[in-house]
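Worksheet for the structure shown next.
The values are calculated or read from the model by the stated rules, or taken from the named source; none is laboratory data. Predicted, not measured: the structure shown is a model, and the values here were computed from it. Here the Cβ is made from the backbone with ideal geometry for all residues, glycine too, and neighbour counts use every protein chain on show.
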Amino acid sequence: MSATTALPLSMFSTWLAYGERGLSSEAIMLRLTGNGPGRSGRYDHPYDPADLRRCFLFLDQHPLAALVFPDAMSGASPEWARLVAVWDELRATLTEEAPDWSDRQAQGSAPRTYALMKRTLANGVKCEPCDGSGRGEACEKCKGSGRRSGGRCRARGCFRGHRLCVECHGDGYTRGDR
């Protein structure tokens, strides 16, 4: 999509009135139309799976917008460019973790989707020693269970049964500049 091509704002009137909106989905609409309710000149990217879900819903409801989305948003910001590059993987991960993500009443969390988003936004690479989990050696006190004496293990350095990975410090990804 070139800088001079814009979709008509009227195309999104139903979504503007009744759709699930967030800053990132509004940023998509702002970028595609050149105007709208988004903060002028700001292209907020999704920060968590809930934001990402609203973007997916927006694009599912507007097939024409979905067609021009990759080209339009790749140029919006470095963060959007990184997210667009793994957009299909993000959707597949969210669908695997929360198959009913499109249902407004759905409850739950998507920790792997969130971890993939954080890694992508940080321009990181999946940590190989811990396979992206952020977990290192098992705790000697709780033997990796994370529980001891009927409660949470409180041994020094124990984080849910394991020490943090020494390579990624628990992030699950490393950066090229580390």
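Rundown of residues vs (1) assigned by TED's automatic domain parsing to the domain that holds LEU30; (2) among the polar types (S, T, N, Q); (3) modelled with pLDDT of 95 or more; (4) surrounded by 13 or more Cβ atoms within 10 Å (Cβ to Cβ), yes/no style:
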position	(1), (2), (3), (4)
LEU57	yes, no, yes, yes
SER74	yes, yes, no, yes
SER77	yes, yes, no, yes
LEU83	yes, no, yes, yes
TRP87	yes, no, yes, yes
ARG91	yes, no, yes, yes
GLU97	yes, no, no, yes
SER102	yes, yes, no, yes
ALA106	yes, no, no, no
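Give me a count of the residues in region 148-168 that are touching a residue at least 12 places away in the same chain (Cβ under 8 Å) and either in contact with a Leu (Cβ under 9 Å, 6 or more places away or on another chain) or not hydrophobic (A, V, I, L, M, F, W, C) (or both).
Residues that pass the stated criteria total 6.
Among all residue pairs at least 6 apart or on different chains, which show Cβ distances below 6 Å where the first residue, located in region 109-127, is free of Cβ contacts under 8 Å to residues at least 60 places away in the same chain and the second is in a helix (DSSP H, G or I) and of a type in the set (D, E, K, R)?
From region 109-127, the pairs are ARG112/GLU97; THR120/ARG82.
Among the listed residues ARG135, ARG156, which satisfies the condition of being surrounded by 15 or more Cβ atoms within 10 Å (Cβ to Cβ), more than 30 Å from SER74 (Cβ to Cβ) and at pLDDT below 90?
Criteria check complete, one pass: ARG135.
Would you confirm, using the coordinates I've provided, whether TRP15 is hydrophobic (A, V, I, L, M, F, W, C), over 24 Å from THR174 (Cα atoms), out of contact with any strand residue (DSSP E or B) (no Cβ under 6 Å at 6 or more places or on another chain) and not in a helix (DSSP H, G or I)?
Answer is no for this residue.
For every residue, the table says whether it meets (1) in contact with a helix residue (DSSP H, G or I) (Cβ under 6 Å, 6 or more places away or on another chain); (2) in contact (Cβ under 8 Å) with a residue 40 or more places away in the chain; (3) not in a loop (DSSP other than H, G, I, E, B).
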site: ALA81; (1), (2), (3): yes, no, yes
site: VAL84; (1), (2), (3): yes, no, yes
site: SER102; (1), (2), (3): no, yes, no
site: CYS142; (1), (2), (3): no, no, no
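Give just the number: which of (1) closer than 20 Å to SER25 by Cβ; (2) in contact with a Leu (Cβ under 8 Å, 6 or more places away or on another chain) does ARG135 not satisfy?
Status for ARG135: all satisfied but (1).
With respect to the numbered conditions (1) at pLDDT 85 or above; (2) over 30 Å from CYS55 (Cα atoms); (3) surrounded by 15 or more Cβ atoms within 10 Å (Cβ to Cβ), which one is the sole condition not fulfilled by THR120?
The failed condition is (2).
From ARG163, ARG112, grab the single residue that is in a strand (DSSP E or B) and in contact with an Asp or Glu (Cβ under 7 Å, 6 or more places away or on another chain).
Result: ARG163 is the single residue among ARG163, ARG112 that is in a strand (DSSP E or B) and in contact with an Asp or Glu (Cβ under 7 Å, 6 or more places away or on another chain).
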